[in-house]
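Enquirer: One structure coming up, written as structure tokens, with questions to follow.
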Amino acid sequence: MKKVILFLVIASLILVGFVGCGGNKDTALTLEDLKDITVVSRENGSGTRGAFIELTGVEEKGADGAKVDKTTAEAIIANKTDVVIQQITGNQSAIGYISAGSLNDTVKAVQIDGVEPTSENIKAGTYALARPFFIAVKDTNNAAANDFIGFILSAEGQAVASESYIAVNSDAAKFTSQMPEGKIVVAGSSSVTPLMEKLKEAYAEINPKLTIEIQQSDSTAGITAVSEGTCDIGMASRALKDTEIAKGLTPTEIAKDGIAVIVNTKNPLTTMTKDQLADIYKGELKTWTDLK
Amino acid sequence: MKKQKILDRLMGIVFRITATISIASVILILVFIVINSIPALREIGIFQFITGKTWAPTDTPASFGLLPMILGSIYVTAGAILIGVPLGLFTAIFMARFCPPKLYKFLKPLIDLLAGIPSIVYGFFGLVFIVPLVRTVLGGTGNSILTASILLGIMILPTIIGLSEAAIRAVPQSYYEGALSLGATHERAVFTLLLPAAKSGIFASVILGIGRAIGETMAVVMVAGNQARVPTGILNGVRTMTSSIVIEMGYAADLHRGALIASGLVLFVFILILNIAFSLLNTRKGA
């Protein structure tokens, strides 16, 4: 019995100790406290990374068509948005990037050139890091798919898109459905999927007879699926490659998304320039004090 | 009597079929990997592929050098063995020969539970607990060879403990009693007699542990940092071959995809070498 009590006492002491430590860490930090920058990036081939390195200029293009991804070899590679966020929340000195739609309170978004990655700024085109969302079809005579695409590009569909992204066509016409029946399959980018789910819900209110199945994978898988005919509409969070269009696909841009640069909530930094951001990801800017 | 014979014949066929299926799947996997990696290997060059230090699959022109990943897999596995084998072996000795039965009833299910935890949960634990721990205690980013080794060391414990304990228990009781009757203490009997007698079973557990460590993916991806470059220190991040495949396969097309499948082939060859070394070790001892 004594042992049990002793154990409980020790356990509660440890617990209090942990909480105490957690409390101490809440004091404001300066850039000096943060020391070296821990760079967190996404994996090669990720749509977010592709858009990020292109938009920031981390990817250098030669005159002969050569493209070199200059992301520092020291960057931690996280293969999911959640893992990026987890890396940032767990490390005061870390910096990362995620889709602006996935931002939450556990991390802090940094302004780029003084512009916050809000949906207003992305729509206005003032925010530097924005990327296109594409859909692609192979069979342009598929009435059901065309009706849904018509909805996406209509005033109603673009209104749905503009809730969290930028609409590509702000003066689109109103939508009139041909009321097709049956089922279509939409597959591809996990970045586009949340938007597609919302579009699907809105479309179902107009025409509940068409079943839309959304399969979440990634941009390349979605484009491959549509070119092989295993789905009707492919989704990509990047522009289609020439080799993909050569397979007989018709791409259509449906919206734009912003990429938010995120740091730990204790990081005092509020803004940086796009060039500084590129230098951090190229490994040329190594400590937080360099950003002063 | 006749009925019995027919049944025997029938079951013989069933067993033959099941055996064929399992062997055929191994061969099919091998054939798939080889066929799919040959075009990529031919284009990149086997030597260039294995010794190249730059992995930049999305660059134009792309470069595919697997050396950082090969070294990554070796370092992380070696670290896991350094941490997991002593810990697991001593636990196994304790469980088999020193543990009071009351405590055993409690500990054994706990160790079994360790084996049942999904690797993604291990990974998450590593990410929120071991990574910050390594960062605060030793510096660096926390996503490192060391972190991955610690995590994998824990993950291979159930394999090592379970098999080693079984091997120690399989040593005939008469060996132990003989040692005691010659005046050896309990500890001496266990460490100088039972352990050597259980050697081959313990080796088997280590080999299986290596197999698990080198093949583990989801947990390692979350804690290792995954940098595709040759690491220079134990606190450097690292990418293993399996992580590389799982991270990039979803996006890979054309040559990139071939190169990833070829890394699978290299991994396959590694495990083959491991198994051959193990069986050589065993037959030599048997002879």
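The values are calculated or read from the model by the stated rules, or taken from the named source; none is laboratory data. Please read all numbers here as calculations on a predicted model, not as lab measurements. Reconstructed Cβ throughout: ideal geometry from the backbone, glycine too, with neighbour counts over all protein chains shown. For the accessible areas, the whole protein counts, side chains as well, though only heavy atoms, and no ligand, DNA or RNA atoms are used. Shrake-Rupley method; radii C 1.70, N 1.55, O 1.52, S 1.80 Å.
Enquirer: Counting helices only, and only those DSSP H runs with n ≥ 4, report the 222 nm mean residue ellipticity of chain B as the sum of -39,500 (n - 2.57) divided by its residues, in deg cm²/dmol to the nearest 500. Mind dumping the intermediate values first?
Expert: Working: 14 runs with 209 residues, N = 287.
So the helix-based figure for chain B works out to -24000 deg cm²/dmol.
Enquirer: Here is a further query. For chain B, set up a GNM with springs between Cα atoms under 10 Å and report which of B:31, B:230, B:190 has the largest fluctuation.
Expert: Between B:31, B:230, B:190, it is B:31 that shows the largest mean-square fluctuation.
Enquirer: Quick check: with the 1.4 Å probe, what order do B:81, A:254, B:234 take by accessible area, largest first? Don't jump to the answer; show the numbers that get you there.
Expert: Values: B:81 35, A:254 0, B:234 100 Å².
Descending order: B:234, B:81, A:254.
Enquirer: Averaged across orientations, what area in nm² does the convex hull of the alpha carbons in chain A project?
Expert: Working: hull surface 83.8 nm².
Its average projected convex-hull area is 21.0 nm².
Enquirer: Mind listing the long-range amide H neighbours of residue A:217? Cut-off is under 5 Å, sequence gap 5 or more, other chains count too, H placed in the peptide plane at 1.01 Å from N.
Expert: A:188, A:189, A:190
Enquirer: Compute a Gaussian network model of chain B, connecting alpha carbons closer than 10 Å, and tell me which residue from B:43, B:248, B:177 fluctuates the most.
Expert: B:177
Enquirer: Rounding to the nearest 10 and keeping the result within 0 to 90°, find how far the Cα-based axis of helix B:254-286 lies from the longest principal axis of chain B.
Expert: 30 degrees
Enquirer: Once amide H atoms are placed 1.01 Å from N in the peptide plane, what residues at a sequence separation of 5 or more from residue A:259, or on another chain, have their amide H within under 5 Å of its amide H?
Expert: Hits under the 5 Å cutoff: A:100, A:129, A:130, A:131.
Enquirer: Report, in degrees rounded to the nearest 10, the 0 to 90 angle that the Cα long axis of helix A:193-206 makes with the longest principal axis of chain A.
Expert: 40 degrees
Enquirer: Then there's this: Kindly sort B:186, B:256 by accessible area of their heavy atoms, largest first, with the probe set to 1.4 Å. Intermediate values should be presented prior to the final figure.
Expert: On the way: B:186 50, B:256 15 Å².
The residues order as B:186, B:256, largest area first.
Enquirer: To continue, here is another question. Mind listing the phi-derived Karplus ³J(HN,Hα) values for the range B:172-185, rounded to whole Hz, using 6.51, -1.76 and 1.60 with θ = phi - 60°, and x for any glycine or proline?
Expert: x, 4, 5, 4, 5, 5, x, 4, 4, 5, 8, x, 6, 6
Enquirer: Beyond 47 Å, what percent of the Cα pairs of the protein assembly as shown remain? Spell out each step's value before the answer.
Expert: Numbers: 45562 of 167331 pairs.
Percent of Cα pairs beyond 47 Å in the protein assembly as shown: 27.
Enquirer: Just to confirm my numbers, what's the Cα centroid distance between the range B:23-40 and the range A:227-292 in Å?
Expert: 35 Å
Enquirer: Which of B:274, B:157, B:103 moves the most in a Gaussian network model of chain B with Cα springs under 10 Å?
Expert: Comparing B:274, B:157, B:103 in the GNM, the peak value goes to B:103.
Enquirer: Heavy-atom accessible surface, probe 1.4 Å, ligands and DNA/RNA ignored: which residues of the range B:46-81 lose at least 40 Å² versus the isolated chain?
Expert: Buried by 40 Å² or more upon assembly, which counts only protein chains, are B:58, B:59, B:60.
Enquirer: Can you tell me the relative contact order of the range B:63-286? Whole percent, Cα pairs under 8 Å, sequence separation 6 or more.
Expert: Numbers: 291 pairs, mean separation 68.9, N = 224.
Dividing the mean separation by the residue count of the range B:63-286 yields 31 percent.
Enquirer: Could I ask something else about it? Rounded to the nearest 100 Å², what's the accessible area chains B and A bury against each other, both chains counted, probe 1.4 Å?
Expert: Values: alone 15990 and 14760 Å², together 28500 Å².
Interface between B and A: roughly 2200 Å².
Enquirer: Sticking with this one: For the range A:39-136, what is the convex hull (Cα atoms) projected area averaged across all directions, in square nanometres? Provide the component values of the computation, followed by the final result.
Expert: On the way: hull surface 31.0 nm².
If you wrap the Cα atoms of the range A:39-136 in a convex hull and average its projections, you get 7.7 nm².
Enquirer: Also: If you roll a 1.4 Å probe over the heavy atoms of the protein chains, what accessible area per residue do you get for the range B:63-286, in Å²?
Expert: Details: 9710 Å² over 224 residues.
With all protein chains present, the range B:63-286 gives 43 Å² per residue.
Enquirer: By what distance, in whole Å, do the Cα atoms of the range A:120-227 stretch along each of the three principal axes, largest value first?
Expert: 41, 32, 21
Enquirer: Once you charge only the Cβ atoms, +1 for Lys and Arg and -1 for Asp and Glu, what is the size of the charge dipole of the protein assembly as shown about its Cα centre, to the nearest 20 debye?
Expert: Working: 49 positive and 47 negative charges, 630 e Å.
Approximately 3020 debye in magnitude.
Enquirer: Sticking with this one: Can you list the lysines whose alpha carbon sits under 16 Å from that of residue A:209, skipping same-chain ones fewer than 8 residues off?
Expert: Cross-link targets: A:183, A:200.
Enquirer: For the range A:85-140, which whole-number percentage of the solvent-accessible area (1.4 Å probe, protein heavy atoms only) is attributable to carbon and sulfur atoms?
Expert: On the way: 930 of 2080 Å².
Of all accessible area on the range A:85-140, carbon and sulfur atoms account for 45 percent.
Enquirer: Something else: Given the pairs A:198/A:256; A:80/A:247; A:67/A:123; A:123/A:174; A:35/A:274, which span a C-alpha to C-alpha distance of over 24 angstrom in this model?
Expert: Details: A:198/A:256 15 Å; A:80/A:247 29 Å; A:67/A:123 29 Å; A:123/A:174 20 Å; A:35/A:274 21 Å.
Listed pairs above 24 Å: A:80/A:247; A:67/A:123.
Enquirer: Specify which residue in the list A:119, A:107, A:88 is farthest towards the positive end of the charge dipole of the range A:80-123, using unit charges on the beta carbon of Lys, Arg (+1) and Asp, Glu (-1), about the Cα centre.
Expert: Positive-most Cα among the choices belongs to A:88.
Enquirer: Okay, next question. Rounded to two decimals, what is the ratio between the C-alpha radius of gyration of the range B:93-207 and 2.2 N^0.38 Å? If you can, show how the numbers build up before the last one.
Expert: Details: Rg = 18.1 Å, N = 115, 2.2 N^0.38 = 13.4 Å.
It is 1.36.
Enquirer: When the Karplus curve 6.51 cos²θ - 1.76 cosθ + 1.60 is applied with θ = phi - 60°, which whole-Hz ³J(HN,Hα) does each residue of the range A:233-243 get, with x for Gly and Pro?
Expert: 10, x, 10, 9, 9, 7, 5, 6, 6, 4, 5
Enquirer: Quantify how much of the Cα-Cα distance distribution of the range B:212-287 extends past 17 Å, in percent. Spell out each step's value before the answer.
Expert: Numbers: 1611 of 2850 pairs.
The calculated P(r) of the range B:212-287 puts 57 percent of pairs beyond 17 Å.
Enquirer: Rounded to a whole number, what is D in µm²/s for the range B:98-151 from Stokes-Einstein with the Kirkwood radius over alpha-carbon pairs (20 °C, 1.002 mPa s)? All intermediate terms of the calculation are to be shown ahead of the outcome.
Expert: Numbers: Rh = 12.9 Å.
Roughly 166 µm²/s, to the nearest whole number.
Enquirer: Compactness ratio of chain B: Cα Rg over 2.2 N^0.38 Å, N = residue count? The partial results should precede the final answer.
Expert: Details: Rg = 22.9 Å, N = 287, 2.2 N^0.38 = 18.9 Å.
Normalised Rg, Cα atoms only: 1.21.
Enquirer: What fraction, in whole percent, of alpha-carbon pairs in the range B:178-259 exceed 18 Å separation? Walk me through the intermediate numbers first.
Expert: On the way: 2135 of 3321 pairs.
Cα-Cα pairs of the range B:178-259 separated by over 18 Å account for 64 percent.
Enquirer: Take the eigenvalues of the Cα gyration tensor for the range B:8-160, scale each by 5, and report the square roots as semi-axes in whole Å, largest first. Don't skip to the answer; put the middle values down first.
Expert: Numbers: eigenvalues 258, 202, 32 Å².
Square roots of five times the eigenvalues give 36, 32, 13 Å.
Enquirer: Using only the alpha carbons of the range A:186-251, what is the convex hull's orientation-averaged projected area in square nanometres?
Expert: On the way: hull surface 17.3 nm².
One quarter of the hull surface, i.e. the mean projection, equals 4.3 nm².
Enquirer: Also: Output the Cα-based Rg and Dmax of the range A:133-292 in Å, rounding Rg to one decimal and Dmax to a whole number.
Expert: Radius of gyration, then largest Cα-Cα span, for the range A:133-292: 19.0, 61 Å.
Enquirer: Calculate how steeply helix A:2-24 sits against the longest principal axis of the alpha-carbon atoms of chain A, using the helix alpha-carbon long axis, and give the answer as 0 to 90 degrees to the nearest 10.
Expert: 70 degrees
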